1. Somewhere in region 75-93, is a residue in contact with a strand residue (DSSP E or B) (Cβ under 6 Å, 6 or more places away or on another chain), buried (at least 18 other Cβ atoms within 10 Å of the Cβ) and at pLDDT below 80?
2. Please work out which one of (1) over 24 Å from the mean Cα position of the chain (by Cα); (2) at pLDDT 90 or above is the condition Arg39 fails and give its number.
3. Among Ala310, Ala292, Ala298, Ala241, which is at pLDDT below 95 and within 24 Å of the chain's Cα centre (by Cα)?
4. Quick check on Val91: is it in the same structural domain as Ser295 (by TED's automatic domain parsing) and not in a helix (DSSP H, G or I)?
5. Please go through region 255-294 and give me each residue that is basic (Lys, Arg) and in contact with a Leu (Cβ under 9 Å, 6 or more places away or on another chain), ordered by number.
Amino acid sequence: MKPFCLLIVLLLLALPGCLPESRQQGVAALVNGRPISLRLVEVRHDVGDGLSAIAQNPSVELLQRQYGAILAELIAQELVAQELEGLGLGVAEEDVERAMNDIRNGYGDEAFSEVLSEEYLDERTWRALLRYTMAMLRFNDQVLRPKVRLAEDEVEKYYAAHAAEFLEPSRLSLLVLTGSSQKAVAEARDRVLAGRENENRHDAPDVQSQRVAIRPAALPEIWQEEMDRLAEGKATRIREANDLFQCLILEKRNPARRLTPVEAYLRIEQVLIERSMEELFAEWLEAAMAGADISVVAQLLPRGGSTDEAVPEQDADPRNSEPILGAPDEEAEDDMADAPLSPAPDGANGEGAQEKAPE
């Protein structure tokens, strides 16, 4: 179990207050007089790991524990929102509206409405979850992060103790040529091999080129054997798959190596900062819950059993809360991107792929 899940569930077990039945309709908890709706708990459960649990017909007791754990995270997030307000850093309505419009514009109105519908989300519930997300991000950036101070030797000590983490596997630096015409790809290949990559590109507008750095084992299988014996500065044969022609030019073989302390510094610094922020948040949360007036619907209070079983994985740390509906996915930049490399056509291990000899 992640430490934040365990902390929150244990604190929830210690809560003395149960919500009176007269005030329970649609409300899962009150945090210093502010309600957390049962609808928020249901949405967080149904779009996460809880959905797979439902498919497996879980027991009522398991669902109660899962709902209780999700509610505990929402309570922590509500406490954060209230803390920010007390510091004059609260998330204003116009902040939420601006963020909503940015996300809506990223999808387009029609697509946005479709996504909300697919997730069984009404705008009011989504707005509440988005507000919590924004509050957590602001709490991280403006409250926790300024308190973190790293000692001068912390990075060096971490590097020495975790040297294996900084081993980089070997990489192939490739130029991938893809086009709808075998002749055009062959001409583009010849220009590159002759050192005239940028010459007369307008003559082959249907050929796309992309540089990638990729682990040899991540290559599609139809390329691996040829790549194993290919020399730097040479090209593979042109292959046809999925109505496209493709050729790979091996620019460099980059051997496995260990990052130097200077190269690893930013990565280590981020790990140490995150660790310190986790500790600060845990201390703050324990004190905040101890001093808060919190009442919870009795049915959602943990009732024993395995706490590992109780907590869905997706939001183990409430500081990492993400909106159920965020900005639409964009193509990620990845130095191991193998997307441009066509896999074999339907058939095992590339059987059926047509191999074209270089012209």
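The values are calculated or read from the model by the stated rules, or taken from the named source; none is laboratory data. The structure displayed is predicted, hence computed values, not measured ones. Cβ placement follows ideal geometry from the backbone for every residue including glycine, while neighbour counts extend to all protein chains displayed.
1. No: region 75-93 contains no residue that is in contact with a strand residue (DSSP E or B) (Cβ under 6 Å, 6 or more places away or on another chain), buried (at least 18 other Cβ atoms within 10 Å of the Cβ) and at pLDDT below 80.
2. All conditions pass for Arg39, except number (2).
3. Among Ala310, Ala292, Ala298, Ala241, only Ala310 is at pLDDT below 95 and within 24 Å of the chain's Cα centre (by Cα).
4. The answer is yes for Val91.
5. Arg257, Arg258, Arg267, listed by residue number.
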